[in-house]
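Every number in this text was worked out from the coordinates using simple rules, so none of it is lab data. Predicted model, so just to flag it, every value in this text is computed and none were measured. Every residue, glycine as well, gets a Cβ built from its backbone with ideal geometry; the counts of neighbours run over all protein chains shown.
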Amino acid sequence: NAGVTQTPKFQVLKTGQSMTLQCAQDMNHNSMYWYRQDPGMGLRLIYYSASEGTTDKGEVPNGYNVSRLNKREFSLRLESAAPSQTSVYFCASSPDGGQPQHFGDGTRLSIL
Amino acid sequence: GENVEQHPSTLSVQEGDSAVIKCTYSDSASNYFPWYKQELGKRPQLIIDIRSNVGEKKDQRIAVTLNKTAKHFSLHITETQPEDSAVYFCAASKNRGDKLIFGTGTRLQVFP
């Protein structure tokens, strides 16, 4: 049982490059989330998808776009990477909102 | 919108002592309160959660209490062990379909 799978695990980009982070869950969950985690800042919600076909902005959406490709997959895109987007990115899923979230192992992204 | 405050930001205890982490929330409609543990370099993992129809929940050495009137909830760890050392996050959300709002985290260190 894989749970939530994120790819890649590590990535280094140059400023201005684009990148898509992939996330897939095999638990038949309706809701999926993207967070970023910076030192001392906790988990900040970038975008979320309450159900297939819907996406909503979270706390820090600027500079990002998302696609809920199907019930299993929720991708995060950086169109023009900036050094301020250097962070650890976590994808999570839950059966519905207001229920336990299961996290992936994270993507460590560095932008030079 | 919902705001979750968490205290303290760091906590150091001797092995065998108890540790208490407190969170307050702003939205009285919140009714789901999970706690996550994140070890260094790992993903956050749910350790215990409570819903607003319950005042206390216990799981071995871990307990969570909820005071709806005061809008605060606390994590209690008894007989702490070095492997309890991690960052702990509280969170709150409302009904189905809603996102989790996380606190900023507490770094717990348990010294042998």
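Considering the zone a paramagnetic label at B:HIS7 would reach in this model (a point 7 Å from Cα along the Cα-to-Cβ line), which residues of the stretch B:70-89 have amide N under 13 Å from it? Counting backbone N atoms under 13 Å from the label point, the list is B:72-73.
A cut-off of 5 Å between modelled amide H atoms, ignoring neighbours fewer than 5 places along the same chain, links A:LEU13 with A:SER110, A:ILE111, A:LEU112.
Residues with beta-carbon under 9 Å from that of B:LEU66, excluding B:LEU66: net charge, scoring Lys, Arg +1 and Asp, Glu -1? Net charge in that neighbourhood comes out at +2. Computed over the protein assembly as shown, the P(r) tail beyond 33 angstrom holds 16 percent of alpha carbon pairs. The label point for A:ASN65 and the one for A:MET41, both projected 7 Å from the Cα toward the Cβ, are 2.2 nm apart. Per-residue Karplus couplings for the stretch B:99-111, computed as 6.51 cos²θ - 1.76 cosθ + 1.60 with θ equal to phi - 60°, are listed in order as 8, 8, 10, 9, x, 8, x, 10, 8, 9, 10, 10, 8 Hz, Gly and Pro entered as x. For the pairs B:LYS42/B:LYS94; A:LYS71/B:LYS99; A:LYS57/B:LYS42, flag any whose C-alpha to C-alpha distance is greater than 20 Å. Where the Cα-Cα span goes over 20 Å, the pairs concerned are B:LYS42/B:LYS94; A:LYS57/B:LYS42. Between B:ALA91 and B:GLY103, the built amide H atoms are under 5 Å apart, and every one of these is 5 or more places off in sequence or on another chain.
Within straight-line reach of A:LYS14, meaning a Cα separation under 13 Å, sit the following aspartates and glutamates at least 8 residues removed in sequence or on another chain: A:GLU79. Determine the distance separating the Cα centre of the stretch B:48-92 from the Cα centre of the stretch A:71-86; give it in Å without decimals. Here the two parts' Cα centres lie 33 Å apart. Please list, by residue number, everything in the stretch B:75-112 whose backbone N is under 13 Å from a paramagnetic label point 7 Å out along Cα→Cβ of B:GLN14. Zone members listed by number: B:80, B:111-112. Rounded to the nearest Hz, the phi-derived 3J(HN,Hα) couplings of the stretch B:62-67 under the Karplus curve 6.51 cos²θ - 1.76 cosθ + 1.60 (θ = phi - 60°) are 10, 9, 10, 10, 10, 10, where x marks glycine and proline. In loop segments of the stretch B:3-103 as defined by DSSP, the GluC sites (Glu not before Pro) with at most 14 further C-beta atoms inside 10 Å of their C-beta are B:GLU15, B:GLU39, B:GLU79. With R₀ set to 30 Å, the beta-carbon distance separating A:ALA82 from A:ASN28 gives a calculated FRET efficiency near 0.25. Summing charges over all other residues whose Cβ lies under 9 Å from the Cβ of A:SER67, with Lys and Arg as +1 and Asp and Glu as -1, gives +1.
Applying the Karplus relation 6.51 cos²θ - 1.76 cosθ + 1.60 with θ = phi - 60° to the stretch A:54-59 yields 3J(HN,Hα) values of 10, 9, 9, 6, x, 6 Hz, where x marks Gly and Pro.
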